[in-house]
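What follows is calculated from the coordinates using simple rules that are stated; it is not laboratory data. Given the structure is predicted, the values throughout are model-derived calculations rather than measurements. Because the Cβ atoms are built from the backbone with ideal geometry, glycine has one as well, and the counts that use them run over all protein chains shown.
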């Protein structure tokens, strides 16, 4: 089964600083990968996705992620964060090896942007 | 496109009572998913519909849980004889057919508190 691991449960950062949220995946087949953001008491919003093609993926709100097959990683980055980026971020993968449609999520990384 | 909607947004119930949640997917999406999210965790898959057919159920979906999508549009999730361990955010998502159908769009969730 395909899975993702988010290595950091919390990432504190100052406003306007760069940030990287780490995600590693485990897969024996081609993989799709997603990053979702969840603001307090809200559902999940799709930030960006890797399906195929360019390994550098740009998403909404100035976020980008790089698919690295050799390191089995899909880290999320933003060059300059804002207070409004404070939220929970989830990496997710569908179970493509079994054809299951369900997404398997990481445990999440709480990004705390401080003034 | 009004997005995925869920009702109610919050539900407080006493242990042993039955509760029902509703999800209205994006109108052209024929796939609908239910997830459960407990505090500090990523969402966990519960069940999945394609049109009105329930194609997949997680082992998390005990016999107290039942989901329906009678006309292939909205869906309901019912929990019978609620337990305190059922307290969680229940998220609904939808997706369309095709290669990008692994991409899921989430509603705002229903937060259930069992007292």
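A few points about this structure:
- Cα gyration tensor category, rounded, prolate or oblate, for chain A with a/c compared to 1.5: prolate
- Approximate spin-label separation residue A:39-residue A:60, in nm, with each point projected 7 Å along Cα-to-Cβ: 1.0 nm
- Stokes-Einstein diffusion of the protein assembly as shown at 25 °C, 0.890 mPa s viscosity, Kirkwood radius from Cα pairs, rounded to a whole number: 135 µm²/s.
- Computed label-point distance, nm, for sites residue A:30 and residue B:51 using a 7 Å Cα→Cβ extension: 2.7 nm
- Ascending count of other beta-carbon atoms within 10 Å, so fewest first, for A:88, B:78: B:78, A:88
- Per-residue mean of C-beta atoms belonging to partner chains within 10 Å, peptide B:105-114: 3
- More than 19 Å apart - percent of Cα-Cα pairs taken over region A:33-86: 29 percent
- Unit Cα scatterers, Debye sum, region A:58-97: log10 I(q)/I(0) for q = 0.14, 0.31 Å⁻¹: -0.41, -1.22
- Ascending count of other beta-carbon atoms within 10 Å, so fewest first, for B:89, A:96: A:96, B:89
- Cα centroid separation, region A:1-68 to region B:42-94 (Å): 26 Å
- Cβ crowding within 10 Å, taken as a proxy for footprinting-reagent exposure, orders A:69, A:78, B:14 from fewest neighbours to most as B:14, A:69, A:78.
- Virtual spin-label span in nm between residue A:84 and residue A:46, 7 Å along Cα→Cβ: 2.2 nm
- P(r) tail fraction, region B:13-95 - alpha-carbon pairs more than 17 Å apart, %: 44 percent
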